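Structure first, commentary second.
Derivation of every value follows stated rules applied to the coordinates shown; laboratory data play no part. Note that the structure is predicted; figures quoted are calculated from it, not measured. Here the Cβ positions follow ideal geometry from the backbone for every residue, glycine too, while neighbour counts run over all protein chains shown.
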C-alpha cells in the first residue's frame, strides 16, 4: 500500500510537470546566432534544444554534457526539425510590398505584416501575415507560412509549407515584354503617349523657330539619303574623338564642357525633326494629302515613327509576344537609320546655315585712260534727203512801191 502511494505521487508530479510544459506561455523570445532563448510569464528562461525538438529549462541545458548545437542564422533545419516562424522570423517588415515588374522573395527569417503583390513570382520562405497576390506563381517553401488568402494563377507548396487561407485561382493575360498583366501596363502606356506628345510638341517648336534651316536640311535628305547616311555614320564615330581632343587643350575644355554638348543635342533634335518631316511628306503623298504644310508633315512623321512601337506593344499585350518582339527590333533599326540620315544631313548642310556667296573683288588703283570716240565722218556727196522748197516771195504792196526801192514814200502831212 505504501509503495502504491509513492507511485501515485510520482505519477501526479509527472503529470503536473507535463501540464506545465504544455500550458506555459512565452512572453519574450530572443533569437541569436547560436541559440534561441525564451522567457515565460513566470520569468523562467528556456532554451530550444534541436535534438529534442522542444524547449528545455536553460539551467538543465547548461548542466548537461551535450555538445552545443552549431545552428546558425541560416540553418533553420537541424536534424529535420524546423523552427516555428514565431521564433525564426526576427526580421519584421510592417507594410505592403508591391513589385509589378520583379519577383518578390520573403526570406526565411523575415516576417511581413501586410499585403504582398508582384507582377511575377512570389516565393515565401518566411512568414506573411496578410494576403499574397501574384500574376504568375506563389511558391511556399517548407519553412514558409502565409496567414491569409492567395490570389495567383498557380500555387506551389512544399511539404511543411502552410497556407492558412484560401487560394483564388485567377488567370491574368501576361505582357511578355514586362512580365506584368495588362492592368499594370497602364503606366508604361501613359508614358509612351506622353513621349509621343512631347515629340510632336518639340517638332512644332523647331519648325516654328528655324523653318529655313530645317528646309535646307530636308533638301539634303531629298537630294541624297544614302550620302547623308554615311555622313551620319562619320559624325557618330567622330563625337567622342572630338570631345577628347577638346579636353586635352586649355582653350577647348570650356568648349567641351559647355558648348559641345549643346551643339550635339541641337544636332540630334534637328536630325529627328528633319527626318520626321521627310517621312511625313512620303506618307502624305501615299495617302494623297498633297500640298500639306510643313507642320502637318512633321506631325504625320512623328506619329508614323511611333506607330511601329505602339503596334509592337499592342501585339505583346494581346499575347503575340514573338511578333511584338520582331516589331520592337524593327522599330530600333528604323529609328537608328533615320537618326543617322538626319544627323548626316545636319552636318553636310552645316546645321542648315545659308551658303556663303561669292564676293566681288574691286581694284582700288587708278582708272585706265579712256579714249574719246572719233568724230563721225561726213561725206559731202552724201544726201540726207530732199532739199526743202524755197520760201515764197510776198507780192509788192502798192503803197510801198517796188520792193527794190523805186517807189516813193508818202510823207505825213
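If the chain between residue 320 and residue 247 were fully stretched, how many nm would it gain, using 0.36 nm times the residue separation less the Cα-Cα distance?
Net length gain for the segment: 21.4 nm.
Provide the FRET efficiency to the nearest 0.05 for the residue 212-residue 296 pair, computing r from the beta carbons and using R0 = 30 Å.
0.95
Modelling each spin label as a point 7 Å along the Cα-to-Cβ direction, I'd like the residue 94/residue 39 distance in nm, to one decimal.
With each label placed 7 Å out from Cα toward Cβ, I get 2.0 nm.
For labels at residue 103 and residue 289 in the simple 7 Å Cα→Cβ model, what's the distance in nm?
4.7 nm
Report the paramagnetic label zone for residue 236: residues of the range 324-341 whose backbone N is under 13 Å from a point 7 Å from Cα along the Cα-to-Cβ axis.
332-341
If each residue of separation counts as 0.36 nm, what is the full-extension length gain between residue 115 and residue 353 once their alpha-carbon separation is subtracted?
Once the chain is fully extended between residue 115 and residue 353, it gains 79.6 nm.
Fewest to most neighbouring Cβ within 10 Å: what's the order for 308, 132?
Taking fewest neighbouring Cβ atoms as first place, the list is 308, 132.
For each of 220, 94, 285, 227, count neighbouring Cβ atoms within 10 Å of the residue's Cβ, then give the residues from fewest to most.
94, 285, 227, 220
Does a label point 7 Å from the Cα of residue 266, set along Cα-to-beta-carbon, have any residues of the range 201-227 with amide nitrogen under 18 Å, and which are they?
Of the residues in the range 201-227, 202-218 have backbone N under 18 Å from the label point off residue 266.
Among 286-292, 204-210, what's the highest-first ranking by average C-beta atoms within 10 angstrom per residue?
The most tightly packed comes first, giving 204-210, 286-292.
In which sequence would 238, 134 go, from the one with the fewest C-beta neighbours within 10 Å to the one with the most?
By the 10 Å Cβ count, ascending, the order reads 238, 134.
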